[in-house]
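Asker: Structure provided below as structure tokens; questions to follow.
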Amino acid sequence: MTSSPPPAPTDDSSLVIRGLSGEESAYAELLARHRSRVFGLALRMVQNADDAGDIAQEAFVKAFQSLRSFDLNKSFGAWIAKITANLCIDHYRRRRLALVSLDAPPGGERGGRPWEFADQRPDPEEVMSIGESERRLEDLIQSLPPRYRIVVLLRYKEDLAYEEIAETLGIPLGTVKARLHRAHHMLKRRLRPPAGE
């Protein structure tokens, strides 16, 4: 008894075509292929697993709703990364608008309950698993303004070429190079020990 050979891998464009014709398994395959990358990008941008999960889910919903506008000659991975990056930037804008005074209790009540903040520090297992220098570099990358952070993450974490970053973010190639150069400059400056040390 001979077994049949495994099916040939299907490229993303074929899956998009099948999805547009109503084949739900094609949507499921696109989701399976790109879910971890989309979530990882969102997590590195927003530094919160719950928010990253929401952003990743919203990115796929937006992608599937506008699948007809996807250019089959382009990379689906770059397209979904662009949607994710834009949602992350929107997330930062909303957070900036939602700033509140830490001096006033919640709801502006006098004598109300004190503010409660989640502990954002990594748990001991995470601290042990990440080398000190890696953690320092991650912290420095996270300290960059979002428009610089996203190009660094796409270049060095997602391993995208400059052209792919430009396509993903919908910005000119020169802007990608300028932002990466500026990000490198900021990181170098932050790595220098303070004067007098």
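Every number here is computed from the coordinates shown, using simple stated rules; none is lab data. These numbers come from a predicted model, not from an experiment. Cβ atoms come from the backbone with ideal geometry, glycine included; neighbour counts cover every protein chain shown.
Asker: Let's see if you can work this out: charge +1 on each Lys and Arg Cβ, -1 on each Asp and Glu Cβ, no other charges. What is the dipole magnitude of the stretch 11-100 about its Cα centre, in debye to the nearest 20?
Answerer: About 400 debye.
Asker: For labels at ASP71 and THR175 in the simple 7 Å Cα→Cβ model, what's the distance in nm?
Answerer: Output for this residue pair reads 1.5 nm.
Asker: Okay, moving on. At a 10 Å Cβ-Cβ cut-off, how would you order ARG68, ARG182, fewest neighbours first?
Answerer: The most exposed by this proxy come first: ARG68, ARG182.
Asker: Could you order peptides 167-173, 23-29, 144-150, 69-75 by the average number of other Cβ atoms within 10 Å of their residues, highest first?
Answerer: 144-150, 167-173, 23-29, 69-75
Asker: HIS185 to ASP90: FRET efficiency via 1/(1 + (r/R0)^6), r the Cβ-Cβ distance, R0 30 Å, to the nearest 0.05?
Answerer: 0.65
Asker: What FRET efficiency would be calculated for the residue pair ASP11, GLN57, taking the C-beta separation as r and a Förster radius of 25 Å, to the nearest 0.05?
Answerer: Given R0 = 25 Å and the Cβ-Cβ separation, E is 0.55.
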